[in-house]
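What follows is one structure encoded as structure tokens, with my remarks underneath.
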Amino acid sequence: MGRADLERRAAALAGAGGRRILGIAGAPGSGKSTLAGRLAAALGPRRAVVVPMDGFHLAGRELARLGRAERKGAPDTFDVAGYVALLRRLRAAEPGVVYAPAFDRGLEEPVAGSVAVDAEVPLVITEGNYLLHGDGGWQEVRPLLDEVWFLAPDDGLRVGRLVERHVRYGKEPAHAAAWVARSDEANAALIAPGRARADLVVDLAAD
């Protein structure tokens, strides 16, 4: 299924009536935020908005207090209860604007109130690693989503993109490669079983 097919499928969700939530899941570096952004751009701001799961990263200071800074990105380094609460508010499409956090990769910190979601926007696209994870509170996410797509690119391509991204945001190449091998790939192994629970498995290599 190519990008045009995915855009048509997202447009159908946006036109289905009421508020719909589309989840895009996958391992680190699989292209979740890129696809979510492209879908939202294709539909336009009155029809779709992206709310990233990464906005619920715990702050670096809190990760340090908990002794989890070296595992940043693992399931227990997020405020999953806060994310679930936001998804419930978004499903309700309560009047006015709901503000969601985002993650600033330059700061490596979440930033509150970054994404405005108007009640009239019919489709929320949320993307993140653990939308299909079945433990630690994450199991409450899937019932709040109308569809979940799982991105499954070639692992070599995905890992290469991850290393490049870490370098782009300030890590030395050797440190970036070590972080990916130790942390990101450990998280990828936790994420992989969720593929079986997805509505659609996507490989956009051809695009």
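The values are calculated or read from the model by the stated rules, or taken from the named source; none is laboratory data. Just so it is clear, the structure is predicted and the values come from calculations on it, not from any experiment. Using ideal geometry, Cβ is built from the backbone for each residue, glycine included, and neighbour counts are taken over all protein chains shown.
Only one of the numbered conditions (1) within 27 Å of residue 19 (Cα to Cα); (2) of a type outside the set (S, T, N, Q); (3) surrounded by 16 or more Cβ atoms within 10 Å (Cβ to Cβ); (4) in contact with a helix residue (DSSP H, G or I) (Cβ under 9 Å, 6 or more places away or on another chain) is not met by residue 198, and that is (4).
Filtered by the rule that a residue be surrounded by fewer than 18 Cβ atoms within 10 Å (Cβ to Cβ) and part of a helix (DSSP H, G or I), the stretch 149-164 gives 155, 156, 157, 160, 161, 164.
Between a residue in the stretch 1-12 that is touching a residue at least 40 places away in the same chain (Cβ under 8 Å) and any residue that is among the basic types (Lys, Arg) and part of a helix (DSSP H, G or I), which pairs come within a Cβ distance under 9 Å, given they are 6 or more apart or on different chains? Short answer, once both residue conditions are applied: 1/9; 3/38; 6/38.
Table: residues versus (1) farther than 21 Å from residue 115 by Cβ; (2) at pLDDT 95 or above; (3) out of contact with any Lys or Arg (no Cβ under 6 Å at 6 or more places or on another chain).
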| position | (1), (2), (3) |
| --- | --- |
| 10 | no, yes, yes |
| 34 | no, no, yes |
| 75 | yes, yes, yes |
| 78 | no, yes, yes |
| 82 | no, yes, yes |
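Just one of (1) surrounded by fewer than 14 Cβ atoms within 10 Å (Cβ to Cβ); (2) at pLDDT below 95; (3) in contact with a helix residue (DSSP H, G or I) (Cβ under 9 Å, 6 or more places away or on another chain) fails for residue 28. It is (1).
Inspect all residues belonging to the stretch 124-133 and state whether any of them is buried (at least 19 other Cβ atoms within 10 Å of the Cβ), under 21 Å from residue 9 (Cα atoms) and of a type in the set (Ser, Thr, Tyr). Yes. Residue-level analysis places residue 173 outside the set of residues that are surrounded by fewer than 16 Cβ atoms within 10 Å (Cβ to Cβ) and under 26 Å from residue 124 (Cα atoms). Going through the stretch 165-188 one residue at a time, which ones are in a helix (DSSP H, G or I) and touching a residue at least 12 places away in the same chain (Cβ under 8 Å)? 165, 166, 176, 177, 179, 180, 183, 184, 185, 186, 187, 188, listed by residue number.
Screening residue 66 on (1) touching a Ser or Thr at 6+ places or on another chain (Cβ under 9 Å); (2) crowded, with 19+ Cβ neighbours inside 10 Å shows it passes everything except condition (2).
Residues in the stretch 93-104 that are farther than 22 Å from residue 142 by Cβ and either β-branched (Val, Ile, Thr) or touching a Lys or Arg at 6+ places or on another chain (Cβ under 8 Å) (or both): 97 only. On the given criteria, is residue 42 buried (at least 16 other Cβ atoms within 10 Å of the Cβ) and either without any contact (Cβ under 8 Å) to a residue 60 or more places away in the chain or under 16 Å from the mean Cα position of the chain (by Cα) (or both)? Yes. Looking across 136, 113, one residue alone is without any contact (Cβ under 8 Å) to a residue 24 or more places away in the chain and small (Gly, Ala, Ser). It is 113. Is it the case that the stretch 83-95 has a residue that's under 26 Å from residue 161 (Cβ atoms) and crowded, with 19+ Cβ neighbours inside 10 Å? Looking for residues that are under 26 Å from residue 161 (Cβ atoms) and crowded, with 19+ Cβ neighbours inside 10 Å, one finds at least one in the stretch 83-95, hence yes. Say we look at the stretch 23-46 and pick out the residues that are in a helix (DSSP H, G or I) and aliphatic (A, V, I, L, M); which of these is farthest from residue 177 (Cα to Cα)? Taking the candidates together, the pick is 43.
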